[in-house]
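Trainee: After the structure tokens below, expect a handful of questions from me.
The values are calculated or read from the model by the stated rules, or taken from the named source; none is laboratory data. Quick caveat: nothing in here was measured; it's all calculated off a predicted structure. All Cβ positions, even for glycine, are placed from backbone atoms using ideal geometry, and neighbour counts span all protein chains on display. Heads up: the accessible areas ignore ligands, DNA and RNA and are worked out on the full protein's heavy atoms, side chains in. Shrake-Rupley method; radii C 1.70, N 1.55, O 1.52, S 1.80 Å.
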Amino acid sequence: MADGLYERIFELAKRRGFLYPSFEPYGGAAGFYDYGPLGAQLKAGIENLFRRIFVVEEGCAEISCPAVTVEEVFVASGHVAKFDDPVVRCQNCRSPFRADHLIEEAGYKGNAALLKNEEIDALAKKLGVKCKNCGGPFGAAYRQNLMFKTEIGPGSGKVGYLRPETAQGIFVDYPYLYRYFREQLPFGVCQIGRAYRNEISPRQGVLRLREFNQMEVEVFIDPQKLTHAKFARVQGTRLRFLPKASKEIVEMTIGDAVAKGVVANEALAYYLVLVDRLLTQAGIDPKRLRFRQHEDDEKAHYARDTWDAEFQSERFGWVECVGIADRSAYDLTQHAKLSGTPMRAVRRYETPQKREVVQVRSVPAKLGPLFKKEAGAVTAALLALPADRAEAAAAAKEVEVIVDGRKVTVPRAAYDVVRETVTVAGDDYVPNVIEPSFGVDRILYAVLEHSYVETTKEGEAYTVLRLPLAMAPMQVGVFPLMPKDGLDAVALDLLHKLQAAGLRALYDESGAIGRRYARMDEVGTPYCVTVDYDSLKDQSATVRERDSTKQERVRFTDLVDHLRRRFSPFRDS
RNA sequence: GCGGCCGUAAUGUAGUGGCUAGCAUUGGAGCCUUCCAAGCUCCCAGCACGGGUUCGAAUCCCGUCGGCCGCACCA
């Protein structure tokens, strides 16, 4: 048997069909794993739990966007710049270094990552940067791209990237979603899907993958109303916090955490509670779960505040599996700016307000012949003039506007100054975003590790996967005590009834009965039904429970209901 | 990406240049067996990949891929 707990869990996962290294016959590739028959079901269980909480209970809208994404999206999001780290290598010992870090350490003020390669080379020379290992000279800087790049369309098609997070698809669809929710904030939109990062060095099994699974929620909210309608219901929930700059985990209610300023606001706090609920219902041990706040220098540039949900792993220590970020208005602002599509919401007044507006309007009959093709742009520039300049223009002989960076003089005859009273319903604003972002693969590993229990039975090592009912890949094992005397036929009939009732059930008649229980325990199957000789007389069977190994006699006619109501009603919804 | 260690069946392993690569568990077929990995018989299944050295390579050398650890990087 393998030495470490991690090795034993992984061995089980591989042997029993949870996880396989991808492409094994061809030698494999780091950072890719297949989900086997049981792993795929476990993953589905986690995803269904997410849907139950966020889509059903919270009313979030689930959407699904392409993984292949046009370049512009990630230019706007900052990923093209962010995932392109400049690297230099020592020409002597080949050690690679982050060039921007070297230059900033050597005294450069500013964000060196934004510099061009040539500028980095020049600065490295000027600042006398040498290899930290051996003191050797560096070669030319190059970019280490962490996004998978591809081409859209044949030949010299459009540049595309495989998305490094599913979030951007939601942001880009914001205008549609705003209308879908009938222009009422707050609303949440979520997406379950694959994301891709060409990691330099994937390690730690399924914890750091090049292709991985995310479940992300983007909650769009008015930054002036960072409260939550249902916060009162959850304020007594106790969570374990590790606030920034502190060394110790403190446990307190989420209500106290907000009152004491540990968590910035109710809205963010509410989602910490939902994350906690999902993780613990999935089977992560609450005692090995904490919420850690990012240090100020650790936060992404768009984030105002970030909390990570971390589980404790025997092998890897505290591992992040969910990030709950306050992304502020960053993403929508960027997409509005780069795409030209407004990404706004309206904060309505209680009663619409009347406002006096002064506008400069073109007189098309005069302005058209004067400016010809530019007339449209000039008209827009006139309209955009602020109130004071519009007032001044009324009495002047002409007015100057900037069109395409040039000054243009418009004679008085070509415009009118119009004063009118308009009714305004509210102010435009860019919504803020609170983002709980779940790493499915990491959660799945955490669930495996925290469910994995080793005991002894009759002096022999014995393994049980104590998965929550809602997570169990296989729900019921059905066995004849002996595969003969008609017991097998009865058991098969029960199997088919359970399957028809929507339960994932497995028939097994091989080996001794204890061996079959052991097989089911090892993959976390909560119940086993055994048909024995009495069954033929009394039309009932034994239902054996995984964790207690207790047995109960249940009549055939009650069996389906007996088992079905034990499984969470939402398991396959 | 760098350095160290490593790669034999689904899993855990034995095998230091020479027979059909051994063992255990698992899995399969069967016998037996009236509720927690019993026993017996038989069977399936392996030297990561590619080169090289050699009469001969699982074994030695090189490369690739993969794993673990450290460094670096990083949600």
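Trainee: Determine the shape class of region A:473-545: with a ≥ b ≥ c the square roots of the Cα gyration tensor eigenvalues, call it rounded for a/c under 1.5, and otherwise prolate if a/b is greater than b/c, oblate otherwise.
Mentor: Since a/c reaches 1.5 but b/c is at least a/b, the shape of region A:473-545 is classed as oblate.
Trainee: Once Rh for region A:350-427 is found with the Kirkwood sum over Cα pairs, what is the Stokes-Einstein diffusion coefficient at 20 °C and 1.002 mPa s, in µm²/s? Intermediate results must be reported in sequence, preceding the final value.
Mentor: Numbers: Rh = 13.3 Å.
Estimated via Stokes-Einstein, D reaches 162 µm²/s.
Trainee: I would also like to ask the following. What is the percent carbon and sulfur in the accessible area of region A:324-408, measuring with a 1.4 Å probe over the protein chains and ignoring ligands? Please report the intermediate quantities before stating the final value.
Mentor: Numbers: 2870 of 5220 Å².
For region A:324-408, the apolar C and S fraction of the accessible surface comes to 55 percent.
Trainee: Which entries of A:Lys372/A:Lys397; A:Lys457/A:Lys497; A:Lys126/A:Lys158; A:Lys230/A:Lys260; A:Lys43/A:Lys457 show an alpha-carbon separation above 27 angstrom in the structure shown?
Mentor: Violating the 27 Å Cα-Cα cut-off are A:Lys457/A:Lys497; A:Lys126/A:Lys158; A:Lys43/A:Lys457.
Trainee: Size of the dipole of region A:283-432 about the Cα centre, Lys and Arg at +1 and Asp and Glu at -1 on the beta carbon, nothing else charged, in debye to 20?
Mentor: The calculation lands at about 800 debye.
Trainee: For chain A, evaluate the Debye formula with one uniform point scatterer on each Cα (no solvent term) and list log10 I(q)/I(0) at q = 0.06, 0.07, 0.09 Å⁻¹, rounded to two decimals.
Mentor: -0.46, -0.60, -0.89
Trainee: For n ≥ 4 DSSP H runs only, could you compute -39500 (n - 2.57) per run for chain A, divide by its residues and tell me the 222 nm figure to the nearest 500?
Mentor: On the way: 20 runs with 182 residues, N = 573.
After summing the helix terms and dividing by residue count, I get -9000 deg cm²/dmol.
Trainee: Next question. What whole-number distance in Å separates the alpha-carbon centres of region A:522-558 and region A:1-50?
Mentor: First find each Cα centre; the distance between them is then 30 Å.
Trainee: Given bins 10 angstrom wide, list per bin the percent of all Cα-Cα distances in region A:140-253, short to long.
Mentor: The distribution over region A:140-253 is 10, 22, 30, 26, 9, 2, given as percents.
Trainee: Under a point-charge model restricted to the Cβ atoms of Lys and Arg (+1) and Asp and Glu (-1), what is the dipole moment magnitude of region A:474-564 relative to its Cα centre, in debye to the nearest 20?
Mentor: The dipole of region A:474-564 has a size of about 120 debye.
Trainee: A:Glu298 to A:Glu7: extension gain in nm, 0.36 nm per residue of separation minus the Cα-Cα distance?
Mentor: Extending this stretch completely gives an extra 101.6 nm.
Trainee: If one computes the Cα centroid of region A:462-484 and of region A:219-298, what distance in Å separates the two points?
Mentor: Result: 36 Å between the Cα centres.
Trainee: Taking a probe of 1.4 Å, how large is the accessible area per residue of region A:171-314, in Å²? It would help to have the intermediate numbers written out before the result.
Mentor: Numbers: 6680 Å² over 144 residues.
Computed with neighbouring chains in place, this is 46 Å² per residue.
Trainee: Right, next: Using the beta-carbon distance between A:Thr351 and A:Ala395 and R0 = 51 Å, what value does 1/(1 + (r/R0)^6) give for FRET efficiency, to the nearest 0.05?
Mentor: 0.90
Trainee: Continuing with the same structure: On average over all directions, what projected area in square nanometres does region A:301-422 have, based on the convex hull of its Cα atoms?
Mentor: The Cα convex hull of region A:301-422, projected and averaged over all directions, gives 12.9 nm².
Trainee: A:Gln551 to A:Arg515: extension gain in nm, 0.36 nm per residue of separation minus the Cα-Cα distance? Each step should come with its number before you reach the end.
Mentor: Values: separation 36, 0.36 × 36 = 12.96 nm, distance 1.63 nm.
Result: 11.3 nm gained on full extension.
Trainee: Tell me the per residue accessible area of region A:361-423 using a 1.4 Å probe; a whole number in Å² is fine.
Mentor: In whole numbers, region A:361-423 has 63 Å² accessible per residue.
Trainee: Shifting gears a bit: Please give the FRET efficiency for A:Arg277 paired with A:Glu62, using the beta carbon to beta carbon distance and R0 = 22 Å, rounded to the nearest 0.05.
Mentor: The computed FRET efficiency comes out at 0.75.
Trainee: Between A:Leu469 and A:Ser246, what is the spin-label point distance in nm, taking each point 7 Å from the Cα along the Cα→C-beta axis?
Mentor: 3.7
Trainee: List the trypsin sites (Lys or Arg not before Pro) within region A:472-546 that DSSP assigns to loop and that have no more than 14 neighbouring Cβ atoms inside 10 Å.
Mentor: Passing sites in region A:472-546 are A:Lys484.
Trainee: Also, quick follow-up: Counting only the heavy atoms of the protein chains, how much of A:Met343 is accessible to a 1.4 Å probe, in Å² to the nearest 10?
Mentor: Number for this one is 10 Å².
Trainee: A further question on this structure: Given C-alpha coordinates of region A:194-273, what is the ratio Rg to Rh with the Kirkwood estimate of Rh? Show your work: numbers first, answer last.
Mentor: Details: Rg = 16.8 Å, Rh = 15.2 Å.
In region A:194-273, Rg relative to Rh is 1.10.
Trainee: Please report the net charge: other residues with Cβ closer than 10 Å to the Cβ of A:Pro411, K and R +1, D and E -1. Each step should come with its number before you reach the end.
Mentor: Values: positive: A:Lys366, A:Lys397, A:Arg412; negative: A:Glu398.
Within the 10 Å Cβ shell, the charges total +2.
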